[in-house]
Amino acid sequence: MTETVFTIEDAARCFPELVERVHAGHEVALLVKAGQPVARIVPAKGPGRVADLIEFLSAWRLKHPEPDDQFARAIEESRRGVRPPRDPWQ
């Protein structure tokens with residue numbers, strides 16, 4: 001995430017655009033007054049963010065690796081043992 005520095009005056013002048021940049025671009029805005037940092041505007045975490053989903057799935061994959069070959073063979077065997085449903089019209 002990039003951090004862009006804004007003076008308080010510049011941030012006040014273009015506040016709606018600044019908020020949109022932070023929200024849409026996942027950008028952080030650092031507000032300064034007299035050259036000193038006074039506030040930081042960051043994107044709020046919300047439901048449905050793609051980055052959150054990717055992070056969750058990556059962590060889940062580390063905890064739950066692919067099943068081994070023996071497990072895969074057991075699934076294939078169990079599928080062979082299941083007969084298709086009988087057609088009532090025959």
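No lab work stands behind these numbers, since they all come straight from the coordinates. A quick note: this is a predicted structure, and the numbers were derived from the prediction, not measured. Ideal geometry is used to build each Cβ from the backbone, glycine not excepted, and the neighbour counts take in all protein chains shown.
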Where the only charges are on Cβ atoms (+1 Lys, Arg; -1 Asp, Glu), what is the dipole of the chain about its Cα centre, to the nearest 20 debye?
340 debye
How large is ³J(HN,Hα) for each residue in segment 20-27, as worked out from phi by the Karplus curve 6.51 cos²θ - 1.76 cosθ + 1.60 (θ = phi - 60°), to whole Hz, x for Gly and Pro?
5, 4, 5, 5, 6, x, 6, 9
Per-residue ³J(HN,Hα) for segment 59-64, Karplus 6.51 cos²θ - 1.76 cosθ + 1.60, θ = phi - 60°, Hz, x for Gly and Pro:
5, 5, 5, 5, 6, 10
Please determine, in degrees from 0 to 90 and to the nearest 10, the orientation of helix 69-80 with respect to the longest principal axis defined by the Cα atoms of the chain, where the helix direction is its Cα long axis.
50 degrees
Of the residues ALA12, VAL82, ALA51, the Cα lying farthest along the dipole of segment 9-90 towards its positive end, which is defined by charges on the beta carbon of Lys, Arg, Asp and Glu, belongs to VAL82
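Taking every DSSP beta bridge that has both residues in segment 3-80, what percent is antiparallel when rounded to the nearest 5? Each step should come with its number before you reach the end.
Working: 5 of 10 bridges.
Antiparallel bridges: around 50 percent, rounded to the nearest 5.
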Can you figure out the FRET efficiency of ARG79 with LEU57, using R₀ = 22 Å and their beta-carbon distance, to the nearest 0.05?
0.25
Would you grab the residues whose amide H sits under 5 Å from the one on VAL32? Only those 5+ places off in sequence or on another chain, please, with H modelled 1.01 Å from N.
PHE6, THR7, ILE8, VAL38
At 222 nm, what helix-only mean residue ellipticity would the chain give, in deg cm²/dmol to the nearest 500, using -39500 (n - 2.57) for each DSSP H run of four or more?
-14500 deg cm²/dmol
In order over segment 30-44: 3J(HN,Hα) from phi, Karplus 6.51/-1.76/1.60, θ = phi - 60°, whole Hz, x for each Gly or Pro, gives 9, 9, 10, 10, 6, x, 10, x, 10, 7, 9, 9, 10, x, 7
